[in-house]
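I have placed the structure first, in the form of structure tokens, so that the comments after it can refer back to it.
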Amino acid sequence: MTRAIFLDRDGVINREVFRTGQAQAPFTLADFEILPGVPDALDRLHRAGFLLVVVTNQPDVVRGLASRDQVEAIHEDLRRTLPLDDIRVCYHDDVDSCACRKPAPGMLYAAAVALDIALGDSYLVGDRWRDVGAGRSAGCTTILVESDRDEPTTIEPHVRVPGLSEAATWILEHAGEA
């Protein structure tokens, strides 16, 4: 079995878009911007032997705010730009009570089966309590990227960092790879 880094997308890999005063997912490739330091951080983790798996909730599709084609275009760009091994998407909303929408760990479990991932040796990097909840439920070490979002963290992460670069450094040190 192999180790993986599960990565939330919006706010961790890419900049969020502000609409009506709220941070939200970009709807189009034109609005999509990878955050500074992300390519280098992911390269370091990938070279250390970690699989890189994006796990992202994208309820704006079912809400009618974005199309599935728009989301998939963003993911195709990510696959071309970054050393990602997989991208897992939940298109459901909370009312659907599915097993894949974070904080449920379904996307992590599915990736673990498909890619032979040892969840207990893996990490989840996210910027919301939902991410931390999914990672904790799956048995991963959780890292919260702090944001300006005014949202309480109802589930404590193992560690807090300012960005993905710092998360990569912490993971590599924690895993004895630095």
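The values are calculated or read from the model by the stated rules, or taken from the named source; none is laboratory data. A quick note: this is a predicted structure, and the numbers were derived from the prediction, not measured. Every residue, glycine as well, gets a Cβ built from its backbone with ideal geometry; the counts of neighbours run over all protein chains shown.
General remarks:
Let's see how each residue does on (1) modelled with pLDDT under 95; (2) within 12 Å of the chain's Cα centre (by Cα); (3) closer than 22 Å to D131 by Cα:
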site	(1), (2), (3)
N14	no, yes, yes
A23	yes, no, yes
L35	no, no, yes
A41	no, no, yes
D77	no, no, no
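- Residues (assigned to a loop (DSSP other than H, G, I, E, B) and either among the basic types (K, R) or surrounded by 24 or more Cβ atoms within 10 Å (Cβ to Cβ) (or both)) located in region 14-24: R15
- Any hit, region 82-98, residues being over 30 Å from E173 (Cα atoms), hydrophobic (A, V, I, L, M, F, W, C) and modelled with pLDDT of 95 or more: yes
- Test for G176: is it part of a loop (DSSP other than H, G, I, E, B) and over 16 Å from the mean Cα position of the chain (by Cα): yes
- Matching residues in region 23-40 - criterion: being touching a residue at least 40 places away in the same chain (Cβ under 8 Å) and among the charged types (D, E, K, R): D40
- Screening E146 with (1) within 14 Å of the chain's Cα centre (by Cα); (2) surrounded by 19 or more Cβ atoms within 10 Å (Cβ to Cβ) gives one miss only, at (2).
- Of everything in region 25-49 that is aliphatic (A, V, I, L, M) and in a helix (DSSP H, G or I), the residue that is nearest to R68 (Cα to Cα) is L29.
- Segments classed as helices (runs of 4 or more DSSP H), wholly inside region 67-167, with at least 2 members that are touching a strand residue (DSSP E or B) at 6+ places or on another chain (Cβ under 6 Å) and without any contact (Cβ under 8 Å) to a residue 60 or more places away in the chain: 129-138
- From the list R68, R88, the lone residue that is in contact with a helix residue (DSSP H, G or I) (Cβ under 6 Å, 6 or more places away or on another chain) and of a type in the set (K, R) is R88.
- Restricting region 101-110 to residues that are of a type in the set (A, V, I, L, M, F, W, C) and over 13 Å from the mean Cα position of the chain (by Cα) leaves a set whose member that is surrounded by the most Cβ atoms within 10 Å (Cβ to Cβ) is A104.
- Some residue of region 13-23 being small (G, A, S) and in contact with a helix residue (DSSP H, G or I) (Cβ under 9 Å, 6 or more places away or on another chain): no
- Any hit, region 124-136, residues being at pLDDT 95 or above and surrounded by fewer than 16 Cβ atoms within 10 Å (Cβ to Cβ): no
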